[in-house]
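Here the structure comes first, spelled out in structure tokens, and everything after it is commentary.
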Amino acid sequence: MELGSGFWGSKALLSAVELGVFAALAAGPLPLEELRRRLGLHPRAARDFFDALVALGMLDRNHDGYLNTAETDLFLDPAKASYVGGLLEMLNTRLYGFWGSLTEALRTGEPQNELKGCSEDPFAVMYADPERLAGFLAAMSGVSAGAAIAIANTFPWERYKTFCDLGAAQGMVPAQLALRHQHLCGTGFDLPQVGPIFEKFIAGYGLSSRVAFQSGDFFTDPLPSAEVYVMGHILHDWGLEAKRSLLRRTYDALPEGGALIVYEALIDDERRANAFGLLMSLNMLIEGPDGFDYTGADCRGWMAEAGFRESYVQHLVGPDSMVVGLK
């Protein structure tokens, strides 16, 4: 029953993000009526809504009124650099509705998003709409922030000087790597429409002198020169042959001694434990024609086929792990 009704709590959180609950409480506690008025909510259910967020652990309440928890203050206040709500915003505006068609997707094998019934490239359509593109890139920052910090802290960056993030989105991974390793210089590689968004994001961290943007298509264009390539939440977008092609391209472009970092919500090898990774694979069914998630063992096998001499899997944070291939 808890799992079956799980969408109740999920939508309560997503609506709280949409309404700006956590932003309204960023400066401190507010009593019920003040918070309700600021958010423009009807009095009928406002108290139940706020108290439900308390019960779900998303808000706290004391004699001064409602307040953010330490976690929601850190991660769901849009004014903070640690904000990860971009992903929640996309879940609310797009995926929440599309997942209502999961049964149809399972029966047909066809995507259920905006391109339902179309044969267009989903990324081409998304990247052609500036508003949707900005939302998508912000969501990618939200989903990659924790993993980016973990990669910066766990990979032996002292052995390398240059890196390139393939499919860099806003630039969360390059930013975290450069912030924590002053000797590193990096490149974000993505389609041309991403360039201005990436450059603004990197400039906000004061890293423009060490992190640059290069436009291109990683399936067809030459890859930027780098000792380490990073691909985060990229391989799962594509079918098996495209996955293998990308791994071969990175192997061919790397210098001897170089490395490739692939990180995803990797499915555990026994396919029993990482529910998030398995559900993410179902999300790929909703979102595209042939993408799917995979295990660390799967990825290591593909890396070996591409020519990598050695590989290993390392957990990062939450459901995310990385597969590192060494040339």
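The values are calculated or read from the model by the stated rules, or taken from the named source; none is laboratory data. Since we're looking at a predicted model, the values are computed, not measured. As a convention, Cβ positions derive from the backbone with ideal geometry for all residues, glycine included, and neighbour counts pool all protein chains shown. SASA here: full protein model, heavy atoms, side chains in, ligands and nucleic acids out. Shrake-Rupley method; radii C 1.70, N 1.55, O 1.52, S 1.80 Å.
Filtered by the rule that a residue be touching a helix residue (DSSP H, G or I) at 6+ places or on another chain (Cβ under 6 Å) and buried (at least 23 other Cβ atoms within 10 Å of the Cβ), region 176-194 gives 177, 186, 188. So, in region 317-327, of the ones that are in a strand (DSSP E or B) and of a type in the set (Gly, Ala, Ser), which residue ends up most open to solvent (accessible area, probe 1.4 Å)? Only one residue fits best here, namely 321.
Only residues that are closer than 16 Å to residue 95 by Cβ and charged (D, E, K, R) were counted across region 128-142, and they come to 1. For region 155-168, the tally of residues that are open to solvent by less than 10 Å² (accessible area, probe 1.4 Å) and farther than 11 Å from residue 261 by Cβ stands at 1.
The residues of region 170-191 that are closer than 28 Å to residue 124 by Cα, assigned to a helix (DSSP H, G or I) and touching a strand residue (DSSP E or B) at 6+ places or on another chain (Cβ under 6 Å), listed by number, are 173, 174. Contact map, region 61-74: first residue within 19 Å of residue 48 (Cβ to Cβ) and touching a residue at least 60 places away in the same chain (Cβ under 8 Å), second residue part of a loop (DSSP other than H, G, I, E, B) and open to solvent by 70 Å² or more (accessible area, probe 1.4 Å), Cβ cut-off under 6 Å, separation 6 or more or different chains; the map is empty.
To keep it simple, each residue is scored yes or no on (1) touching a residue at least 24 places away in the same chain (Cβ under 8 Å); (2) open to solvent by 30 Å² or more (accessible area, probe 1.4 Å).
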{"residue": "259", "(1), (2)": "yes, no"}
{"residue": "266", "(1), (2)": "yes, no"}
{"residue": "269", "(1), (2)": "yes, yes"}
{"residue": "272", "(1), (2)": "no, yes"}
{"residue": "288", "(1), (2)": "yes, no"}
{"residue": "291", "(1), (2)": "yes, no"}
{"residue": "303", "(1), (2)": "yes, no"}
{"residue": "312", "(1), (2)": "no, yes"}
{"residue": "315", "(1), (2)": "no, yes"}
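Remark: residue 308 matches the filter, which requires a residue to be touching a residue at least 40 places away in the same chain (Cβ under 8 Å), over 17 Å from the mean Cα position of the chain (by Cα) and either outside any strand (DSSP E or B) or crowded, with 19+ Cβ neighbours inside 10 Å (or both).
Condition check ((1) within 16 Å of the chain's Cα centre (by Cα); (2) outside any strand (DSSP E or B)) across all residues:
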position	(1), (2)
163	no, no
168	yes, yes
193	no, yes
199	no, yes
236	yes, yes
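Between 284, 231, the distinction of being assigned to a helix (DSSP H, G or I) and either out of contact with any Leu (no Cβ under 6 Å at 6 or more places or on another chain) or buried (at least 19 other Cβ atoms within 10 Å of the Cβ) (or both) belongs to 284 only.
Quick grid of which residues meet (1) in contact (Cβ under 8 Å) with a residue 12 or more places away in the chain; (2) open to solvent by 80 Å² or more (accessible area, probe 1.4 Å):
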position: 30; (1), (2): yes, no
position: 38; (1), (2): yes, yes
position: 41; (1), (2): yes, no
position: 49; (1), (2): yes, no
position: 77; (1), (2): yes, no
position: 100; (1), (2): no, no
position: 109; (1), (2): yes, no
position: 112; (1), (2): yes, no
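Would you be able to tell me the number of residues in region 114-133 that are closer than 16 Å to residue 167 by Cβ, assigned to a helix (DSSP H, G or I) and either out of contact with any Gly (no Cβ under 8 Å at 6 or more places or on another chain) or open to solvent by 50 Å² or more (accessible area, probe 1.4 Å) (or both)? Of the residues in that region, 5 qualify.
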